[in-house]
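Taken together, the values in this text are just the output of simple stated rules run on the coordinates, not laboratory data. Not measured: the values here are computed from a predicted model. Cβ: placed from backbone, ideal geometry, glycine included. Neighbour counts: every protein chain shown.
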Amino acid sequence: MNTCEYDGAPFTEPRSHPWLTTVGHPEWQYYDLTAAPEHIRTALEDLRPWRRYASMEGMYRLLEQVNRADCSLESNDCEFTGPQPNDTAAFPKKLRCSGRVMVLFRQLERNIPSAGIERLKDGLHRALYSRDPGFLWGMIGTTIVPVRYLALAASAGGTLGTQLMISFWAWGDTEGETMDNLGRLVANLTFALEALEALEA
């Protein structure tokens, strides 16, 4: 499984947990998926248009796994862009889809300082290193991003910490092939997060 450390567009300001607003989409809101997991299948706007594909069921299961009651992790954000014309020459397919999921420790103090998130990032790469080596049409990238944890008291170690942004891309020559490759990628990511959660519990 292809992985990389992704140097995407920089976050000039720390994100917040919970996040408050989305630029350009004031109707979007934060849901605590650990407290209300039913929102995973109803409130994630980016996934709804693609529900006809099995890969979306995989995305829902991944988010349900990370946000289940006995997991030491949780997600803070999820984004998906369906198949678009591919502009990545290294992957010679006609279409590309992409997305991300933000992951953090549910015990918020573990996200400050960043050593725990660094360990989570390294563990994800190790778990994926030998996973599905014949799969060429997907990529998972990691970025550690700053986060202000609003529920933590500023006097008890501060509120500024980090979380792990897991970005992903899948390629194909048709919409169906692209979404099938996404499903394979999501299965690999689910496996890796399960392995990480067992280590971090």
In the chain, taking the dipole from +1 charges on Lys and Arg beta carbons and -1 charges on Asp and Glu beta carbons about the Cα centre, the listed residue (N76, V101, M179) farthest towards the positive end is M179
Note on the stretch 138-201: alpha-carbon gyration tensor, axes a ≥ b ≥ c; rule is a/c under 1.5 for rounded, else prolate if a/b larger than b/c, else oblate; result prolate
Cα gyration tensor of the stretch 55-167 diagonalised, 5x eigenvalues square-rooted, in angstrom largest first, produces semi-axes 30, 15, 15
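Using only alpha carbon pairs under 8 Å that are at least six residues apart, calculate the relative contact order of the stretch 82-125 and give it in whole percent.
On the way: 22 pairs, mean separation 10.8, N = 44.
In percent, rounded to a whole number, it is 24.
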When the charge dipole of the chain is computed with +1 on Lys and Arg Cβ and -1 on Asp and Glu Cβ about the Cα centre, the Cα farthest towards its positive end, among F168, G116, L63, belongs to F168
